[in-house]
Amino acid sequence: ALQKSTMQEVRDFAEEIVTDHTASSQELMALAQQKNLQVPTALPQDNQAIVTRLDGKTSTAFDKDFTDVQEDAHEEAVELYEQAVDDLEDADLRAFAQKTLPVLRMHLEHARTLDDMTDNL
């Protein structure tokens, strides 16, 4: 999105999620290592298909698909982290989910706004 988007708002959002998700991923990886948990290193096949699809798009078509994908992905992430806060027994993992949840909710709202904007293109 940083290179393909035609909208500054989408590029700004992409930069925001790269920064925030990189930080949370590093924290989660450190926590997983501390607890000797295995973490997948590759995208699931369905997610890789989305990346491949987005790679083939440019301009407005890219912006529309990217914002739609981000809205869906952040809806799923918020739901997953809410469930983790409610259900995890490990206090450290639960605290991580609780700490990360507000950022994911903010990203979701931002993605929804951008998705509405790109729907009108």
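What follows is calculated from the coordinates using simple rules that are stated; it is not laboratory data. Treat the numbers as computed from the prediction; the structure is a model and nothing was measured. Positions of Cβ are backbone-derived with ideal geometry, glycine not excepted, and every protein chain shown enters the neighbour counts.
Placing +1 on each Lys and Arg Cβ and -1 on each Asp and Glu Cβ, with no other charges, gives the stretch 1-111 a dipole about its Cα centre of roughly 440 debye. Does anything in the stretch 26-46 have its amide N under 13 Å from the 7 Å Cα→Cβ label point of Asp92, and if so which residues? Those under the cut-off are 27-38. Under the combined filter of DSSP loop state and at most 14 neighbouring Cβ atoms within 10 Å, the stretch 33-121 retains these GluC sites (Glu not before Pro): Glu89.
All other residues with a Cβ under 12 Å from the Cβ of Glu82 taken together, and with Lys, Arg as +1 and Asp, Glu as -1, what is their net charge? So the surrounding residues net to -3. Each residue of the stretch 40-57 was assigned a 3J(HN,Hα) from its phi angle through the Karplus expression (A = 6.51, B = -1.76, C = 1.60, θ = phi - 60°), giving x, 10, 10, 5, x, 4, 5, 6, 5, 5, 5, 4, 4, 4, 5, 4, x, 10 Hz with x at Gly and Pro. Here's the list of lysines a cross-link from Lys4 could span, going by alpha-carbon distance under 16 Å and ignoring same-chain residues fewer than 8 apart: Lys57, Lys64. Of the trypsin sites (Lys or Arg not before Pro) found in the stretch 35-98, those in coil by DSSP whose Cβ has at most 16 other Cβ atoms within 10 Å are Lys35, Lys57.
Subtracting the Cα-Cα distance of Ala42 and Glu15 from their residue separation scaled by 0.36 nm leaves 7.6 nm. Placing a pseudo-label 7 Å from each Cα along the Cα-to-Cβ vector at Ala30 and Asp119 gives an inter-label distance of 4.0 nm. For the chain, a Kirkwood radius taken over Cα pairs fed into Stokes-Einstein (25 °C, viscosity 0.890 mPa s) yields D = 158 µm²/s.
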